[in-house]
C-alpha cells in the first residue's frame with residue numbers, strides 16, 4: 001500500500017537536522033519543543049524506524065535518516081514552489097539568466113534551479129558559473145537576471161543585494177594524512193579573494209604559522225588538492241572535498257562566516273525572477289551544521 005507522508009512532518013525533520021537541535025528547530029518553526037518532538041516521533045512511527053539519534057553531543061542521523069534527508073529536502077522544495085498563481089504565468093518567452101559564483105556550485109543552490117525548472121516546464125534557464133568579478137560585470141551589463149555571489153566592493157550603486165547572508169566556513173583535510181604542526185600547509189584560493197584574506201587573517205590573529213602549498217581560482221582544483229592530502233583548506237561547510245574530514249576540534253582557529261548576497265536587476269518586477277531569488281534566499285538562510293570531526 002502506498003504511504004502518504006505529511007509535509008509538515010518532513011519539514012520538522014529537515015528543520016531539526018539543519019538546526020542541529022529540536023529546540024532551535026522549534027524556534028524556527030514557531031512551535032513548542034514537545035510539538036516538534038511529537039512530529040518526529042510520528043514520522044518515525046510511519047516509517048517504522050528511527051531517524052535521529054540523541055546523545056549529550058547533540059542530534060545525529062541514523063542510516064534511515066541519512067537516506068530520507070535528500071528526498072525530504074527536495075519534496076519540500078518542490079512543494080514550496082507550487083505557489084498560488086504560478087500556473088497562470090505565460091509559458092512563452094520564459095527565459096531567465098542566472099549567475100552563480102563557482103564556490104556555491106557544490107551547495108544546495110543548483111538543486112534549487114533544477115527543481116524550479118521542473119515546476120515550470122516552459123521555462124528555459126541559462127546558468128553562468130564563474131568568478132564574482134565576471135558575474136558582477138555580466139550583471140552590470142544586463143546579461144543576468146538573478147545572481148548569487150559574495151559582494152564586490154566596487155559593484156556600484158545599482159547592484160545592492162536584495163538579501164545578504166553569512167555562510168559558515170570550515171577547515172577540511174584529507175582523511176589519513178597527518179598534518180604538520182609547526183607550519184600549517186594551506187590549500188587556498190588565489191588572490192584577489194576575500195575568503196583568502198579572511199583565512200590568512202584568522203591564522204595570523206591566532207598566531208598559527210602557515211605556508212601555502214597550492215593555490216587556484218578553481219573550486220574543483222582546491223577540492224582535488226585537499227583530497228590528495230596536500231594541505232588544509234578553508235571552504236564552505238557544505239562543500240567538503242571527497243574523502244576529507246572537518247577539523248572542528250579546536251586545534252585550528254574558528255573561521256568567520258563569509259557574506260553572500262542574492263542580486264536582481266534594479267527595478268525588475270518579473271514574478272519568476274522574484275520567486276527564484278526568494279528560493280535562493282530561503283536556502284541561504286537555512287543553517288548549515290558543521291560536519292563531525294572524523295579523521
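So here's what we get for this one:
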read-out	value
Exposure proxy order (Cβ contacts within 10 Å, fewest to most) of 199, 7	7, 199
Ranked packing of 18-27, 122-131, most packed first, by mean Cβ within 10 Å	18-27, 122-131
Value of relative contact order over the chain, rounded to a whole percent, pairs C-alpha under 8 Å and six or more apart	19 percent
Region 7-81, relative contact order in percent, only Cα pairs under 8 angstrom and at least six apart counted	31 percent
Packing-based exposure ordering (other Cβ within 10 Å, fewest first) of 263, 71, 245	71, 245, 263
Cα gyration tensor shape of region 110-174, rounded if a/c is under 1.5, else prolate or oblate by comparing a/b with b/c	oblate
Approximate spin-label separation residue 30-residue 111, in nm, with each point projected 7 Å along Cα-to-Cβ	2.6 nm
Exposure proxy order (Cβ contacts within 10 Å, fewest to most) of 146, 262	262, 146
Stretch gain in nm, segment residue 175-residue 126, where the contour uses 0.36 nm per residue and the Cα spacing is subtracted	13.9 nm
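Since every read-out is calculated from the coordinates, none of them should be taken as a lab result. Worth saying up front: this structure is predicted, and the values here are computed from it rather than measured. So basically every Cβ, Gly included, is an ideal-geometry build from the backbone, and we count neighbours across all protein chains shown.
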